[in-house]
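No value in this document is a laboratory result; all are computed from the given coordinates. Computed from a predicted structure; not experimentally measured. Here Cβ is always computed from backbone atoms with ideal geometry, including for glycine, and neighbour counts include all displayed protein chains.
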Amino acid sequence: MAEKLKIISLGGLNEIGKNLTVYEYGNDIIIVDVGMGFPDDDMYGVDVVIPDVSYLIKNQSKIRGIFITHGHEDHIGALPYVLRSINAPIYATRMTLGLVRLKLEEHKLLDATKLVTCEAGGRDPGGEVFRGVHPRQPLHRRRGELCHQVPGGRGDPHRGL
């Protein structure tokens with residue numbers, strides 16, 4: 001029986017912010033965006049709201065990479081907090097990685113994090129992320145350009161969906 005693609009949203013649905021989607025296929029997980037949420041007016045003393053990543057911590061050995069679509073805080077803001085528990089390479093366009101780099105530098109996580117530049121229209125860097133995953137499978141990604149107020153954004157249509 002063929003493996004099933006699981007799409008798990010850990011944030012970003014029915015709310016503004018905390019964008020984090022998990023794509024799981026067999027023994028491979030990729031993460032798309034790791035954003036922060038914004039505290040409600042009644043959340044006194046709370047500066048940042050981050051997604052619950054306990055599922056990712058439990059399945060860390062399956063994580064192949066984090067793909068960032070663009071540099072808004074609701075897509076990259078939780079990276080410093082999540083990367084303290086999960087170590088995975090980050091894939092994004094040059095502009096987006098520039099914003100990620102500044103954020104990781106501020107939190108002293110830059111040296112411990114692998115950053116990989118990917119340009120729109122290209123494929124993921126060979127088998128580095130999806131070693132053993134067939135190109136026709138759902139986790140093989142091709143990038144498309146995205147315009148969303150931040151230059152260098154990209155969309156991620158998936159084959160097989």
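Neighbour counts of C-beta atoms inside 10 Å place Ile66, Ile8 in the sequence Ile8, Ile66, starting with the fewest.
Most exposed first by the Cβ proxy, i.e. fewest other Cβ within 10 Å, how do Ser9, Ser54 rank? Spell out each step's value before the answer.
Numbers: Ser9 14, Ser54 10.
Fewest-to-most ranking of Ser9, Ser54: Ser54, Ser9.
Candidate cross-link partners of Lys6 among the lysines, defined by an alpha-carbon separation under 20 Å and a same-chain spacing of 8 or more, comprise Lys18, Lys58, Lys62. Using only the C-alpha atoms, the convex hull of region 1-108 corresponds to 112 Å³ per residue.
Computing FRET efficiency as 1/(1 + (r/R0)^6) for Arg101 and Ile16, where r is the C-beta to C-beta distance and R0 is 25 Å, gives about 0.50.
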